[in-house]
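Engineer: Structure provided below as structure tokens; questions to follow.
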Amino acid sequence: MSTIGERLLTKFPGRNDQIEQLLSLLGEPEDPAPPCVFVYGPSATGKTSVIRDLFSEYDTSGCHYAYINSVECFTPRLLFERTLNAWAGHVPSPENRFSNYARCDNLVDFVNSVRDLLVTSGKQHEARYMVIDQAERLRDRGPMLLTSLLRLSELTGGANISVVLISNVVWDKFRPRHGGAADPLSIFFPYYTKQQILLVLAKDCPVDEPQSFFLTFVDAVYEVFHRNCVDLNELRHLVAMLYPKFVQPVFEQQATRNEFARLFKLCQPYFAAASERLYLREISTSEWQKYSAVASAKNNPEDVATSIYHMAENSDGMDLPHYTKFLLISAYLASYNPSRLDVQYFARGKDPTQKRKRKGGGASAAAAEDALGGRDRQQLLGPRSFAIERMLAIFYSVIAEPVDSAVDVQTQIASLITLRLLTKTSAGDRLDGIKCKCNVSLEAIRAISRSVRFEIDRFLYNFT
């Protein structure tokens, strides 16, 4: 067991306490196992990796533990049959017509099959482990399933069975409401500290790169992103994407490895792009690798227009049908423009930039305050509700060509509501006078307008 612990401690730095606790609970194969162990903590803290590697080292035959992912085994039957296959060493194959070890439609069938497999054959003293990942999903599989798993050793007639639950949820929100079982032993996996993250990421250092230089770069990435990103997987992804651009000036003879400040300055546009595009998943990893290869410090380090930085701004907007884009533009105009100005902006033959002459001595104080961007400015107040009829009137006004008769405008409006680009504000049972609200930002609607060559800024009232 000490050899297993040493290998795991080397492979998983920063998880010494958790590995020692797990090894002390496992003991020898013939030792009594705890009925249930609850492993919990935030995501990307090594829970699943440590547990799977630990049992792979502990049970080389693979017949003493079963790893179950609750996403894959989304019904109790799949969970039961996958467990029995692992404990019995049964592998579905063409020879057995891909059949399982036993059919388990319910918990009673599973308990009887476990008794036949372990107790009847005299193997009840050998420890068996059921490892269930993302165990919080068990709460939706029936009121008694979790309680039964916690008492599985008792239900099977004293078989040496332990259930290991892995979850991101604390036990207080996980405990069965009706009780019926004792609380499990808990092992907490906290977030990695900075030093532990450096130790983990040091294993990702390329073979042909100096580790000290790579760790200096990792430290810089951590200082830039750690306030908004504590997920180790996200940091590893950012390091993998940014390091080739960081070291590129070295191979282009624009700087040396000792000039870290210069290298960091040359890589700053990519740091900014990663925080705004890559981390928020506005672009994919393949798109980042494709477009970031265009820009180079050797050619023009300030030319971010050819790099990844402005790729999102240069995109063609959302992937929507042509008429649906105009409907969304019309909804945005109806949400942010006053209805009293519809004739001025959208009447045929009128110039929207031409101001109407007002009768009387001048504008009122409230209108003057609104023109100066005061409290009545709709851009600051957010979108307001509008009638569907008004949006359609704007739509038929701004569209350049006649709408094809085969286009079902009402269906496209329903699709926009389903996509939450429009929010319905009227009562759900109301069939006439339906009111909605546009749920799109100014940057997004400008991108959509550019894709259909519509100058939306000419039709927006009091926008900056």
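The values are calculated or read from the model by the stated rules, or taken from the named source; none is laboratory data. Predicted model, so just to flag it, every value in this text is computed and none were measured. Cβ atoms come from the backbone with ideal geometry, glycine included; neighbour counts cover every protein chain shown. For accessibility, only protein heavy atoms count, side chains too; no ligands or nucleic acids. Shrake-Rupley method; radii C 1.70, N 1.55, O 1.52, S 1.80 Å.
Engineer: Dipole size in debye (nearest 20) for region 2-188 around its Cα centre, Lys and Arg Cβ +1, Asp and Glu Cβ -1? Could you put the intermediate results ahead of the total?
Structural biologist: Details: 19 positive and 22 negative charges, 116 e Å.
Value, rounded to 20: 560 debye.
Engineer: Using the alpha carbons of region 109-237, what is the convex hull volume per residue in cubic angstrom, as a whole number?
Structural biologist: Details: hull volume 22.2 nm³, N = 129.
Per-residue hull volume (Cα only) is 172 Å³.
Engineer: Also, I was wondering about something else. Over region 110-223, give the accessible area per residue in Å² for a 1.4 Å probe, as an integer.
Structural biologist: Value for region 110-223: 48 Å² per residue.
Engineer: Moving to a separate point now. Taking a 28 Å limit on the Cα-Cα distance, which of the listed pairs K47/K265; K11/K123; K245/K325; K47/K173; K123/K173 fall beyond it? Don't skip to the answer; put the middle values down first.
Structural biologist: Working: K47/K265 37 Å; K11/K123 33 Å; K245/K325 37 Å; K47/K173 19 Å; K123/K173 35 Å.
Violating the 28 Å Cα-Cα cut-off are K47/K265; K11/K123; K245/K325; K123/K173.
Engineer: Report P(r) for region 2-188: all Cα-Cα distances, bin width 10 Å, range 0 to the bin holding the largest distance, values in whole percent.
Structural biologist: 9, 38, 37, 15, 1
Engineer: Roughly speaking, to the nearest percent, how much of region 2-188's 1.4 Å accessible area is carbon and sulfur?
Structural biologist: 51
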